[in-house]
Structure formats: C-alpha cells, structure tokens
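Written out below as structure tokens is the structure these notes cover.
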Amino acid sequence: MNHQGVSEIFFEESYTVPVDQTARSLFARLPHGSEYAQKMIECLATGYLVAVLESICIREMQQQVDPLVEVVVGRAIRIEHRAPIPPGSALQLSGWVQSLSERSATFCVQAHDDHEMVCEATVTLVVVRRASMDLRIATKVHALQAVR
C-alpha cells in the first residue's frame, strides 16, 4: 500500500439515486423482509447507501495498492443516515482519509442532497495480502462443501 498516496485521498462526486435502490425494493428481495416490503418507504435504503460509500472509498484505495498482491476489504462502517433520499435525488458525496495505520485507512464521508446533509459516515478499509484472503475463503468453501 502506498501510504503517501492513501493519505492524500480526497474525493467529491455526484450520485443519482436509482429507483431500484429503495428500502421497498431491497426488502422485497430478502426472505425476512418480503412480507412487509410494501410497507417500507420509497427512499434510498441504508444498505445501498452503505454500499455506495464503501465502493467509492474502495475505488480510491485500489489506486494505491498492487492488485496482484493486495486486496482492499471493508472492516467497519459507522453511518448516520440522517434524512430521506427519494429516487432521482442527486447526492453530492465528499470524503477524505481521516486516519491511517500500517494496513488500514479510515475515511470520513458526507453526503448532501439539494436540501440538507443526508449522511455522515466513517468507513475503515484494510489492505490484505490477496493470497492470504484467497486461502481463508477456500478453507471456508471447503468446510461448507464437506457439511453438504
């Protein structure tokens, strides 16, 4: 991981909320949520908001690692989803590296729509050796297959 490069990460970009990323849409696909999904609101699901924030932070860190040797994975996300975000809303996202350690970085991320701040979050990502992660995954897959 290029520590100097990671320490300088700052991003600003727009994201328009698609109609299929609402709470109602997400919960309709989940076995535990399908029976009450139609009672959910037609606004961006917090789960999708988390994925959007994490994906942008990972994209920025990917530029500072050797993808053949290292992979960026999520460790922790703390999010305050402060306001409803209807489909079609244009979000302005900004983020920067707040702290850095030997193998991880924590981002501070904010999202605003045309009316207010709708989200504030911290996203902690870790850079791990790809071979080590592949081995851990293979071990779990093998154990699952042995049970079946």
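Read the figures in this text as sums done on the coordinates, not as results from a lab. Because the structure is predicted, anything quoted here is derived from the model rather than measured. Don't worry about glycine lacking a Cβ; one is built from the backbone with ideal geometry, like all the others, and counts go over all protein chains shown.
Things worth noting here:
- Selected from Ala45, Ala111, Ala37 as most flexible by GNM, with the chain as the system and alpha-carbon contacts under 10 Å: Ala37
- Dipole-positive endmost among Met133, Leu53, His3 within the stretch 3-147 (Cβ charges, Cα centre): Met133
- In terms of its C-alpha gyration tensor, the chain has an oblate overall shape, because the principal axis ratio a/c (a ≥ b ≥ c, square roots of the eigenvalues) is not below 1.5 and a/b does not outweigh b/c.
- In a fully extended conformation the segment linking His115 and Glu13 would gain 35.0 nm over its present Cα-Cα distance, using 0.36 nm per residue.
- Likely footprinting exposure, Leu44, Leu68, fewest C-beta neighbours within 10 Å first: Leu68, Leu44
- Cα gyration tensor, the stretch 3-89 - rounded (a/c under 1.5), prolate or oblate: prolate
- Between Ala83 and Val128, residue separation times 0.36 nm minus the direct Cα-Cα distance comes to 12.8 nm.
- Length added when fully stretched, Ser94-Arg29, from 0.36 nm per residue minus Cα-Cα: 20.4 nm
- Charge tally for Val109 (other residues, Cβ to Cβ under 10 Å; Lys, Arg +1; Asp, Glu -1): -2.
- Applying the Karplus relation 6.51 cos²θ - 1.76 cosθ + 1.60 with θ = phi - 60° to the stretch 114-122 yields 3J(HN,Hα) values of 5, 10, 6, 6, 9, 7, 9, 8, 10 Hz, where x marks Gly and Pro.
- Spin-label model distance (nm) - Arg75 vs Ala138, 7 Å beyond Cα toward Cβ: 2.6 nm
- Phi to ³J(HN,Hα) by Karplus 6.51 cos²θ - 1.76 cosθ + 1.60 over the stretch 56-69, Hz, x for Gly, Pro: 5, 5, 5, 4, 5, 6, 4, 6, 10, 10, 8, x, 7, 10
- Simple point charges give the picture: +1 on the Cβ of Lys and Arg, -1 on the Cβ of Asp and Glu, and for the chain a dipole about the Cα centre of about 860 debye.
- Computed label-point distance, nm, for sites Arg103 and Ile58 using a 7 Å Cα→Cβ extension: 1.8 nm
- In terms of surrounding Cβ atoms within a 10 Å radius of their Cβ, Leu135, Leu125 rank from fewest to most as Leu135, Leu125.
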